[in-house]
Amino acid sequence: GGPGLSYSIVRPGGLNDKPSVGSEKVHVSQGDVYSSEISREDVALVTVATLLKGKDTDFTTFELNQAEGLGKAMKSLPDLPSELVHAGAKSFDALVDGLLTDKAIKEKYPDLINDFRGDGIPPIETLLASK
């Protein structure tokens, strides 16, 4: 954490319009390794659970997928440590229990997290000056 606004970034896999599969069939992970489809309804349910957790989910980023069809986004990606995977929970609230903050992940697993941000967007003055 730090000064300013807190955040929780929910990164769903491919969205579909199917009904919720239920919390036991939803996969939450941190580390941007896994991917599958997820229903918009499940995304909404996990997002609300995350908001209701308050400070327990502040400064976190996680991926949200349906367990069925789950696979690594690329075969070369590493297996995640078990503490970064949350699945099979009895409730949507329980799916987000124990999320590590982004800072904690960078400290504990520095080789796992890529914080490349590119060159960013140049200031508007720079863009206007080049015209």
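Take 54-63, 79-88 and order them by the average number of nearby Cβ atoms within 10 Å per residue, most first; the result is 54-63, 79-88. Relative to the longest principal axis of the Cα atoms of the chain, the long axis of helix 40-53 makes an angle of roughly 80 degrees.
In the context of the full set of protein chains, residues of the chain present 64 Å² of accessible surface per residue (probe radius 1.4 Å, heavy atoms only). Ordered by solvent-accessible area of protein heavy atoms (1.4 Å probe), largest first, the residues Lys53, Lys72 come out as Lys72, Lys53. Net charge near Lys18, counting Lys/Arg +1 and Asp/Glu -1 over other residues with Cβ under 13 Å of its Cβ? Local net charge: -3.
In terms of solvent-accessible area of protein heavy atoms at a 1.4 angstrom probe, what is the ranking of Asp93, Asp111, highest value first? Numbers along the way, then the final one.
Details: Asp93 70, Asp111 160 Å².
Ranking Asp93, Asp111 by accessible area, largest first, yields Asp111, Asp93.
The distance linking region 4-57 with region 64-93 is 11 Å (Cα centroid to Cα centroid, whole angstrom).
For the chain, the carbon plus sulfur part of the accessible surface works out to 56%, probe radius 1.4 Å.
Positive end of the dipole of the chain (Cβ unit charges, origin at the Cα centre): among Val85, Ile38, Leu5, the Cα lying farthest that way belongs to Leu5. What percent do you get for the relative contact order of the chain when only Cα pairs under 8 Å and 6+ apart count? Relative contact order here is 31 percent.
Applying 1/(1 + (r/R0)^6) with r as the Cβ-Cβ distance of Lys106 and Leu52 and R0 = 22 angstrom yields a FRET efficiency of 0.25. Within the set [x] 47, 21, 9; [y] 23, 16, 12; [z] 28, 18, 17, the number that semi-axes √(5λ) of the Cα gyration tensor in Å takes when calculated for this structure is listed as [z].
The values are calculated or read from the model by the stated rules, or taken from the named source; none is laboratory data. All values reported here derive from a predicted model rather than from experimental measurement. No Cβ is skipped: glycine too gets one built from the backbone with ideal geometry, and neighbour counts run over all protein chains shown. Areas reflect the complete protein model, heavy atoms only, side chains present, ligands, DNA and RNA absent. Shrake-Rupley method; radii C 1.70, N 1.55, O 1.52, S 1.80 Å.
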